């Protein structure tokens, strides 16, 4: 029995995914999504530089890709600068609600705020800031030296507040 697979995007990672799926007899490539109109209608084997056709035609139409009824979607789109947008896209095509037009939205209200703004808002909302953690080290106490600790401490200092989290070397 094979697993029906769609590849979402055919850049560097997507090309490798297509090649890997082609080599695995337990996987069947059934559809490929492309965002570039120049790739629309091309065979997946061509897009992956395999030197042969695979009989799977790439499409810019999400509904066409999903109509192939993949059991698994290998998401290969570039996301460095659009993580939340990309994650919402995965949820749109990979969940029943998303496919049925009831997508899940990812909210990140503090994403573009400074640490000082976050501390100020947390204080105004009476959030339990003593239960929050920023340290990269992960010890019993925050180290107070890593970039994350330094930004957090500055956020509290900018609000003339003492950080309630215990730090190494601080009573």
Original post:
If you go through the range 117-140 one residue at a time, how many are within 26 Å of the chain's Cα centre (by Cα) and in a loop (DSSP other than H, G, I, E, B)?
Top reply: 7
Original post:
Has the range 72-79 got any residue that is in a loop (DSSP other than H, G, I, E, B) and at pLDDT 90 or above?
Top reply: no
Subject >> Subset of the range 141-162 (residues that are assigned to a loop (DSSP other than H, G, I, E, B), in contact with a strand residue (DSSP E or B) (Cβ under 8 Å, 6 or more places away or on another chain) and within 13 Å of residue 130 (Cβ to Cβ)) >> reply: 141
Subject >> Residues satisfying the stated conditions in the range 38-63, i.e. over 17 Å from residue 17 (Cβ atoms) and within 26 Å of the chain's Cα centre (by Cα) >> reply: 38, 40, 60, 61, 62, 63
Original post:
Can we say residue 108 is within 10 Å of the chain's Cα centre (by Cα) and either at pLDDT 80 or above or part of a helix (DSSP H, G or I) (or both)?
Top reply: no
Original post:
Considering the range 77-103 alone, what residues qualify as being at negative phi and more than 14 Å from the chain's Cα centre (by Cα)?
Top reply: 95, 96, 97, 98, 99, 100, 102, 103
**OP:** Just give me the residues in the range 80-105 being within 20 Å of residue 3 (Cα to Cα) and in a loop (DSSP other than H, G, I, E, B), in sequence order.
**Re:** 95
**OP:** With the condition kept exactly as written, say whether any residue in the range 41-62 is under 18 Å from residue 98 (Cα atoms), touching a helix residue (DSSP H, G or I) at 6+ places or on another chain (Cβ under 8 Å) and part of a loop (DSSP other than H, G, I, E, B).
**Re:** yes
Subject >> Out of 85, 100, 124, 140, sole residue that is exposed (fewer than 14 other Cβ atoms within 10 Å of the Cβ) and modelled with pLDDT under 85 >> reply: 85
Original post:
Which of (1) surrounded by 17 or more Cβ atoms within 10 Å (Cβ to Cβ); (2) assigned to a strand (DSSP E or B); (3) modelled with pLDDT of 95 or more is the odd one out, the single condition residue 4 does not satisfy?
Top reply: (1)
Subject >> Output for the range 66-83, where each listed residue is in contact with a helix residue (DSSP H, G or I) (Cβ under 8 Å, 6 or more places away or on another chain) and without any contact (Cβ under 8 Å) to a residue 60 or more places away in the chain >> reply: 79
Subject >> Residue in the range 25-40 that is surrounded by the most Cβ atoms within 10 Å (Cβ to Cβ), counting only those that are in a loop (DSSP other than H, G, I, E, B) and out of contact with any helix residue (DSSP H, G or I) (no Cβ under 8 Å at 6 or more places or on another chain) >> reply: 40
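The values are calculated or read from the model by the stated rules, or taken from the named source; none is laboratory data. Since we're looking at a predicted model, the values are computed, not measured. Positions of Cβ are backbone-derived with ideal geometry, glycine not excepted, and every protein chain shown enters the neighbour counts.
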